[in-house]
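K.L.:
Below you will find the structure I want to go over with you.
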Amino acid sequence: MEQTFIMIKPDGVQRGLVGEIIGRFEKKGFTLRGLKFITVDSAFAEKHYADLSAKPFFCGLVEYIVSGPVVAMVWEGKNVVTTGRKLIGATNPAESAPGTIRGDFAIDISRNVVHGSDSAENGRKEITLWFPEGVAEWQSSLHSWIYE
Ligand code: DAT
Ligand code: MG
């Protein structure tokens, strides 16, 4: 089953949105496979956002990600990468639909509360970066109520 890396950014933690964001993934029916509360350093944040290193906002983005603890998670389920991005909403909260996490809880593109992998391949890379120790092996007892 597909997995994705989801991170509640420092603003989401500071604003008390951890339970709300986890709840949306749980209630959708996705399975939590890994979770940790950590503060990362600049070298780590630069690695996570390496693809964006040429962007003018890169330095500000790294400063923001290291500014406080984040909630790093692995979620699993059918199409979880694409559907997870739909739950999160468009990158710029000005364009995120109401009902999405960013649409409901964010205003500024550089304080957009949550990260989600943009492809299954990047999901695998990000999970390896953030969870080198691996994730939990388990299957929810609700599985047959969520999947045919
Ligand atoms: P996403 O997080 O939706 O995958 P992304 O990978 O293009 O978006 O960019 C990563 C983060 O960088 C994004 O969540 C917020 C920030 N960012 C993107 N574009 C930006 C911009 N034009 N100005 C400021 N921050 C930006
Ligand atoms: Mg991205």
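Readers should treat all values here as calculations from the given coordinates under stated rules, not as data from a laboratory. What you are looking at is a predicted structure, and each value in this text was computed from that prediction instead of being measured. Here the Cβ is made from the backbone with ideal geometry for all residues, glycine too, and neighbour counts use every protein chain on show.
K.L.:
Take the alpha carbon gyration tensor of the stretch 3-136, find the square roots of its eigenvalues, order them as a ≥ b ≥ c, and report rounded if a/c is under 1.5; if not, report prolate when a/b exceeds b/c, else oblate. Write down the numbers at each step before the final one.
P.N.:
Numbers: a/c = 1.40, a/b = 1.07, b/c = 1.31.
Judged from the Cα gyration tensor, the stretch 3-136 comes out rounded (a/c under 1.5).
K.L.:
For the stretch 3-136, give the share of DSSP beta bridges that are antiparallel, in percent and rounded to the nearest 5; count only bridges with both residues there.
P.N.:
Numbers: 16 of 17 bridges.
Looking only at bridges with both residues in the stretch 3-136, the antiparallel portion is about 95 percent.
K.L.:
Okay, next question. How high is the relative contact order of the chain? Use alpha-carbon pairs under 8 Å, at least six apart in sequence, and give a whole percent.
P.N.:
Working: 234 pairs, mean separation 52.2, N = 148.
RCO, the chain: 35 percent.
K.L.:
Run the count for the chain, please: Lys pairs, Cα-Cα under 14 angstrom, 8 or more apart or on different chains.
P.N.:
Details: Lys9/Lys36; Lys28/Lys78; Lys28/Lys86; Lys47/Lys125; Lys78/Lys86.
Within the chain, the lysine pair count is 5.
K.L.:
Let me ask something else about it. Under a crude label model (7 Å from the Cα following the beta-carbon direction), how far is Lys47 from Gln139 in nanometres?
P.N.:
Between Lys47 and Gln139, the simple spin-label model gives 3.3 nm.
K.L.:
For the Cα atoms of the chain, what angle does the longest principal axis make with the long axis of helix 120-130, in degrees from 0 to 90, nearest 10?
P.N.:
70 degrees
K.L.:
I need the calculated FRET efficiency for the pair Thr91 and Arg124, taking r as the beta carbon distance and R₀ as 25 Å, to the nearest 0.05. Could you put the intermediate results ahead of the total?
P.N.:
Working: r = 21 Å, r/R0 = 0.85.
After rounding, the FRET efficiency stands at 0.75.
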